[in-house]
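A quick write-up on the structure given underneath.
The values are calculated or read from the model by the stated rules, or taken from the named source; none is laboratory data. Just so it is clear, the structure is predicted and the values come from calculations on it, not from any experiment. Counting neighbours? That spans all protein chains shown, and the Cβs are built from the backbone with ideal geometry, glycine included. We work out accessible area using only protein heavy atoms, side chains counted, and drop any ligands, DNA or RNA first. Shrake-Rupley method; radii C 1.70, N 1.55, O 1.52, S 1.80 Å.
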Amino acid sequence: MVSYATSEVPGLQELFPLQTVRLPLKYPANETQVASSNSHETYATQLASSGHVVMVEENSYIDFVTFGIRNKGLTLLLTPVSRSNVSGLSFRTINIELPHAVYSKECVSVRYSSLEKAMVVDFVTKTFLFVTLKIRLQDFVLGKLLSSIFPLDEFDQWGHISVPFSFELKSSPFSIKALDDSNIIVSLKDGGLLHFERSSPLHDFDVYSFMDGSSLMSLNLLEMFWSKKGGKTRNSSTNVEGISSMAVVDLVPINEKVFVTLSISKEVNCWSLESHAEVSGSFHLGSATNSNFWLSMIPRKYMQIVTGDGGSNGKRYLVLHYSLPHDDISGYSFSVWEIVDSEGNFELIKLDNMLINLTSPKSIFNNHRQDNLHNLNWYIQDFQTVYSGKENSVFDVNILWKSNSLSVLATYDVVFPTGEVLDIKWSNTSTAQNTIFRPTVLDEFLPYRDLKYFQWKILKSGIYDKRTILSALDIFRHHADLASRDKSSTDDSIIGGLLYETMVATHKTKEYDLKTCWYKFDALCEELKRTELETLALDVVSSSSSSSGSTLVSYLSNGLMEYRESHLFEEFLDSGNPLCSILNNLTTLLSSKSLYKIYESVIQLSNSQGSLSGSDATELYQSILALKIQVEESQKLQEELQAIPQIDELIQSFFDLKHSRTCSSQSFSSSSSTPSEYQKLIFMNSISKLEQSHEITLLGLLILFLVSELDDDVLGVINQIVEVLANYTKLNVVVGTSVVNSSVTTNVLGKASLSILWEIISTSPKLTQLVTDGQNSGFQKLIEFVNGSNSEFVLDVILGLIGHNGGLLIEEEFFSKLSPSEPTDQFLKGLVYLIDGKPQEMFKVFSQVPPLALPKGIIDKLRSKLQSNKAISQFLADCFDGPVSYYHSLAHLAKEYAITNKASPQDPNSSSLSTEYLKISIAFEFLAIEQLNHSGDVGANITDRNSYYINIFEMGLGINDYDVVLESLGNLKLTFDYESYVQKYIGRLASTNQLDQLFHRQPVTSNYLLIDRILVSLAEAETDDVMRALIIHKAIFSWRLFGGGNNIKDYNTLVDTRGACESLYWFIVRYRQQSTWKIDDDPKATKLKVLELYLIIVNCIKSFEKDDDRWLISMGKLITLSQISNEYYSWFKELENDIL
């Protein structure tokens, strides 16, 4: 039965920035609306109450514009749509705010003017002002400031406001319709018909009545004409609640001079714009028995002019539908007239054979046992008749049936003029599909889903647009007794944070668990979404850059819906195929909870171990299925299955996607390989629906094979099914991952148009034409790519996520897809650990990956797709030249990330992370040296080796790893700059108060004099801090006493006792002479330390055996022990006086 499926773009206006336009009128002082206490009512005003699609001319950068009336008629919204991205332009949505509402949705006329290259909007307000606005196509292009596009001081260039007729004194308007730029027909509630004529859209009107053809000079004259002239007097008509039976419900132009009207009482009249009189006599539709059955204003239109084969030279027809009394079996009637219009002769010739009685969808759904549908009362909301192009005089009559908020599209292939119906296509395109059709298996899983699923669905999947989530948030917070949110905060990142905050607060105040909070919020979003997807009109659109023909679309309360051919997976679910019946019967034997448990179990097993073993399948059967499905029932199913012709091929086609049946291309195919924002959203929505249809069938097949007798073949099929189901979960993760500012977003509202999938599509040769091939063919290509055996999809996803710092997502969702024995997979793991701040894991992986094990094709892809990350890109450019360059490049890469993660006040962990990166950089550099030493040509590689040791030395100093510093120094002793490296080392020890390390981790003994010289230079350089200077002088003292030995207790290595004493005495002299030194807060303590130094010097000098040896040199002078002793006692006396 089902031939159509749908794809929606909810929140279409949110594709582009919203620009508000105001009129040069006085707005109410209380225009700032106070939020209603009823959040549902507030939400309802944000939805369109009426709207449709307006096509523009061919070869334009805009294909069509959607128009909607919102906020109880106070807001008019126009959104441009480009179904390809050939122009590369960015657009804006224009939001027109009115001081007073439009009189009614019928009193608004919107059309595209090819002469003006603009949308012309005509409407009457409730204050009876007639307003015309001209919005050029270029005004929709983003770039210029709004003030420069719609300046109020130049209103006459883009708008016109007038009072051409005193509606409030004569009769209120019933409807208006623009025939072209110059002619507008106004129907009055009392049955009057007016012609508003102007020379161009922004000029004043001349007003004529179709009763007598005179120009209306005044209201009194008009009343005189209507009360005294003959003809079709409105006084003789029937009135109900102030509306005459002669009021016009629809009209269409026949040519530039003639148009046809249809009244509420089903009377058809042909009028001349020149004479303002009837061209021919009127006629009544239907029989005398239903002449009093009035037409309503519920359908968007009743009449349409269509052209057959031959283009502008083909036959033209007037197609008209009308409803019949409720007791009439047929319900609706379509009549067709051939239009004869040549050389001034005009005639409507009724085609008697074309009186098509169309039954409502009741009988269709009754035949297919849709009991909850066939009892509804259905009516025609809108219709479009188009030439099918299949055969001569065959037209597609597309009818949008509606019942309450539910809608169904039906297409009748009708032969003109015989009336023969060749074919009928139907859709299950209800705007609330799951409420009127049996809920799908996946929908019934919802109560058992985990918290993570609901967070993904609401924030990441793109199923709900921003308006839906914000409205649901307002309602949810109101019922949770939480304060209202800040309405000015609509940024995607703020919405995500606010949503998490709301769920936590509700969890605390209402004592729900967090999953229940998210589940309830999701249910609320679903309820609002059903309201937003209510159809308001049916239109036919085509792309200016497309050769694929036209597409049926419906304007929705908050978005747009495209109708497309059903994919084979979708058709199968409603095809009546015996296999489908078996699967439906099988799944109904199990509860939703049991089905979800099986689904969840196989996904977990696939993620953890790759495939199911025979024992896994047996365990699933025994623990869940054996109690629900008896052996006899299982055998019966198998018998029914074997009776189906070619059953093996049919089943295989659902999971062996490489041999699946081909799908026809449908909708929006374009010559442009770059999809527009609109295309992206339509395609994403199609993916979601097609995937769900496939998953439902696969789950049924999985149950079928689990209850079958298990052998290797059956287990192989089970694993094929599970692999596809598991891959769909990965695809959902990719689709729901948005990239903003080159980074994967977390905890923020995602957008389908920003999904990382688009980057994967754009860079994969197999997918570049994916979207422009059409939804069905594109989906087929995508799932074949996702389920390909070469893991190309996983590789592309991981590379895309690495390029946008999405490593944590890779670890969580895709590591299970990587093989521990595959070098490429392990190489990817190493890069993921790198960007995720896990340097030790990175070292472990990379140190085990063979340096040259990656194929050239993989290397080229890595280099191509990771160019955005400069550090990784440079690493990939250098690392594949050999084992030495491999490890050296890894060392450099880790060092770059150490710099990136250097200490930050905002991140207390950054310092330790930077240290960890430097540690593994040192380890990689040692591996590079090891490979270099094994290369054989040691002499030729000495420069590289020294360079690597210098790197190790520098990084070792950075993290105070003195073991590797000294090892580096030991290998750099023959280099020209060796002394500078030793100086850096000792300088670092001094700056970190670790000079004692000199005596525990000495370089070679031959460095004794070098180190002494460096210490002396450090002491000389320290002119600011007295205590730091003291430490260095003490270090010189110790070095001169013990520095030549490897053990501080090795007294046989004493070197220079006199020199040691001279270093301390030098400090004393400097202290007593230095006036710029920073002295401690307690100068007495410093003086006491000086006293201690005197005592040390005296004792050391006394250690010389001969009196003639008891001296030292200071400042070029010989200082004897006696002099030093005198200074000591003098200093002691001074200190004693200070203390006392």
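Starting from the amide H of S611, placed 1.01 Å from N in the peptide plane, find each other amide H under 5 Å away whose residue is 5 or more places distant or on another chain.
none
Treating only the Cβ of Lys, Arg, Asp and Glu as charged (+1, +1, -1, -1), what charge dipole size does the range 569-662 show about its Cα centre? Round to the nearest 20 debye.
Charge dipole of the range 569-662: 260 debye, to the nearest 20.
Roughly speaking, what is the centre-to-centre gap between the range 123-190 and the range 723-752 when only Cα atoms are used, to the nearest Å?
Cα centres, the range 123-190 to the range 723-752: 45 Å.
Ordering S615, S166 by how much accessible area each has at a 1.4 Å probe, largest first, what is the list?
S615, S166
Compute, for K895, the solvent-accessible surface of its heavy atoms (probe 1.4 Å) with the complete set of protein chains present, and express it in square angstrom to the nearest 10.
60
From the protein chains alone at 1.4 Å, what is the descending order of accessible area for L376, L579, L852, largest first?
Final ranking, largest accessible area leading: L852, L376, L579.
Pairs of lysine in the range 78-164 with Cα under 24 Å and at least 8 positions apart or on different chains: total?
6
So if we plug the beta-carbon distance of N59 and Q635 into 1/(1 + (r/R0)^6) with R0 = 60 Å, what FRET efficiency do we get, rounded to 0.05?
Using R0 = 60 Å, I get an efficiency of 0.40.
Residue by residue, what Karplus-based ³J(HN,Hα) values in Hz, rounded to whole numbers, does the range 720-735 have, using 6.51, -1.76 and 1.60 with θ = phi - 60° and x for Gly and Pro?
5, 5, 4, 4, 5, 4, 5, 5, 5, 5, 5, 4, 4, 4, 5, 4
Ignoring ligands and nucleic acids, what accessible area does R1072 show with a 1.4 Å probe (Å², nearest 10)?
120
Multiplying the sequence separation of V740 and T943 by 0.36 nm and subtracting their Cα-Cα distance, what value in nm do you get?
Gain in length upon complete extension: 68.6 nm.
Hey, what do the phi angles of the range 889-894 turn into as Karplus ³J(HN,Hα) couplings, whole Hz, using 6.51/-1.76/1.60 and θ = phi - 60°, x for Gly and Pro?
Residue by residue, the range 889-894 yields 5, 5, 4, 5, 4, 5 Hz.
Could you please put K508, K1084 in sequence from largest to smallest accessible area, using a 1.4 Å probe?
In descending accessible area the options line up as K508, K1084.
Which of the lysines could a cross-linker bridge to K510, judged by Cα under 19 Å and excluding same-chain residues fewer than eight apart?
Leaving aside lysines fewer than 8 places away in the same chain, those within reach of K510 are K520.
Please work out how much accessible surface V131 shows to a 1.4 Å probe, ignoring ligands, DNA and RNA, in Å² rounded to 10.
That residue has around 0 Å² of solvent-accessible surface.
Any of K390/K766; K460/K597; K257/K301; K457/K766; K26/K460 with alpha carbons more than 31 Å apart? Name them for me.
K390/K766; K26/K460
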